[in-house]
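Peer 1: Before I ask anything, let me first share the structure, which is written out below as structure tokens.
The values are calculated or read from the model by the stated rules, or taken from the named source; none is laboratory data. The structure displayed is predicted, hence computed values, not measured ones. Note that we place each Cβ from the backbone using ideal geometry, even for glycine, and neighbour counts take in every protein chain shown.
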Amino acid sequence: MANFEEMQAKLKGAKVIVTGGTGFIGSHLVERLVGMEAHVRVLTKTGNVENLKDVLPKIELRRCDLTKGAEVKNALEGTEYVFHLAAAIPKRGTRYDHPVDAINANILATVNLCDAILSNGDFKKLVTASTTEVYGIPRRTPITEQHPTNPLTFYGASKLASEKFINVYARRYSLDAVILRYSVVFGPREGAYERAIPNFIRNILNKESPKIYGSGNQIRNYIYVDDVVEYTLRAISETPSTVYNAGAINIPIGDLARKLISVTKCELEPEYVTADAGEYDFTLDTSKIEGELKYQPNTLIEVGLSKEIQWYLNKGI
């Protein structure tokens, strides 16, 4: 069972690797780790460190191509905890969902990390970010971790395959790993992704009606970035290798748009657009993660949306 004080004690002074640490969620995780006085090494393939500008002097930034096993092995030397958040996520919808990119960035990179971990005598725990996209269209809701997996995208399929590889490493080599299936994470720095909340915010800030495809009654699950980071940190606790749904707020898309309009105090109404695909709800059962990691997300959706809107305003987007 997770104990917050024990988790803090473990991370203070610990040698920690974060892959994907320059991205949306990863940068928030890095900031928290720095605040907990961990020795943080961020592995990145790119030179874009805008999201880490406030903590750059306090971390080690190392260029590393996760698809190259030798580079990964060198980068992980002496590491105690690995937070694996790097992934090839389609930034502009499923039209840009490339299978080879997904295989290299999501499967091969994960295998290289696991191999490097096996040769690292200091290693204690791997926490890896997966996605609720592994479930595909739900057969029943709310979705538990035992729900059948049938991803609709190459991204979702590659993350599911990565989970399977980690599970084999855990069984065969006793690799200690926790898999977190993130739902839709929102908050400051989300702006690069073409998803409902960023699109709605851009519409509203441009004085345009947010576009809702379908009835707007379809329910989706969201979690604020600070809450998903809290789960990610707590996953280093003395729990056995397992998988968790990491989500929080089940809300209809139409209600989400109206909350954004309310938060911004704009005199707009949603614009409803006919959708081609059939509608379905995607709600999560998060009782397992809440019970075992001893945390329940507490960010009100209005508060989280307000913070994301302010980030957009500060960026001038």
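Peer 1: If you go through the range 17-51 one residue at a time, how many are over 25 Å from Asn314 (Cα atoms) and not β-branched (Val, Ile, Thr)?
Peer 2: 7
Peer 1: In addition: Looking at Ser215, is it closer than 23 Å to Tyr182 by Cβ and polar (S, T, N, Q)?
Peer 2: no
Peer 1: Of the numbered conditions (1) assigned to a helix (DSSP H, G or I); (2) under 23 Å from Leu175 (Cβ atoms); (3) out of contact with any Ser or Thr (no Cβ under 8 Å at 6 or more places or on another chain), Ile103 satisfies every one except a single condition; which is it?
Peer 2: Single failed check for Ile103: (3).
Peer 1: Residues that are of a type in the set (A, V, I, L, M) and in contact (Cβ under 8 Å) with a residue 60 or more places away in the chain: list the strands (runs of 3 or more DSSP E) wholly contained in the range 4-85 that include at least 1 such residues.
Peer 2: 15-19, 81-84
Peer 1: When Asn120 is evaluated against the numbered criteria (1) polar (S, T, N, Q); (2) in a helix (DSSP H, G or I); (3) touching a residue at least 40 places away in the same chain (Cβ under 8 Å), which criterion, by number, is the only one it fails?
Peer 2: Failing condition for Asn120: (2).
Peer 1: Suppose we filter Ile59, Ile107 for residues that are of a type outside the set (Ser, Thr, Tyr), over 25 Å from Ala196 (Cβ atoms) and touching a Phe, Trp or Tyr at 6+ places or on another chain (Cβ under 8 Å); which single one remains?
Peer 2: Ile107
Peer 1: Please work out which residue is farthest from Asn206 (Cα to Cα), limiting yourself to the range 262-289 and to residues that are within 26 Å of the chain's Cα centre (by Cα), aliphatic (A, V, I, L, M) and at pLDDT below 95.
Peer 2: Looking at residues that are within 26 Å of the chain's Cα centre (by Cα), aliphatic (A, V, I, L, M) and at pLDDT below 95, I get Ala277.
Peer 1: Between Ala109, Ala70, Ala116, which is farther than 30 Å from Gly136 by Cβ, at pLDDT 95 or above and crowded, with 19+ Cβ neighbours inside 10 Å?
Peer 2: Only one candidate qualifies: Ala116.
Peer 1: Tell me the residue from Leu175, Leu113, Leu126 that is touching a strand residue (DSSP E or B) at 6+ places or on another chain (Cβ under 7 Å) and part of a helix (DSSP H, G or I), please.
Peer 2: Leu113
Peer 1: Next question. Would you mind telling me which numbered condition in (1) in contact (Cβ under 8 Å) with a residue 60 or more places away in the chain; (2) out of contact with any strand residue (DSSP E or B) (no Cβ under 9 Å at 6 or more places or on another chain); (3) more than 24 Å from Ser162 (Cβ to Cβ) Arg234 fails?
Peer 2: (3)
Peer 1: Can you tell me which of (1) in contact with a Leu (Cβ under 7 Å, 6 or more places away or on another chain); (2) over 26 Å from Ser158 (Cα atoms); (3) crowded, with 21+ Cβ neighbours inside 10 Å is the one Arg32 doesn't meet?
Peer 2: (3)
Peer 1: Any residue that is more than 20 Å from the chain's Cα centre (by Cα) and farther than 14 Å from Thr283 by Cα - is there at least one of those in the range 127-135?
Peer 2: For the range 127-135, residues more than 20 Å from the chain's Cα centre (by Cα) and farther than 14 Å from Thr283 by Cα: absent.
Peer 1: Collect the residues in the range 127-149 that are of a type in the set (S, T, N, Q) and within 17 Å of Gly278 (Cα to Cα), keeping them in residue-number order.
Peer 2: Thr141
Peer 1: Which ones in the range 183-199 are over 20 Å from Asn51 (Cα atoms) and either within 13 Å of the chain's Cα centre (by Cα) or modelled with pLDDT of 95 or more (or both)?
Peer 2: If the condition is that a residue be over 20 Å from Asn51 (Cα atoms) and either within 13 Å of the chain's Cα centre (by Cα) or modelled with pLDDT of 95 or more (or both), then Ser183 is the only one that fits.
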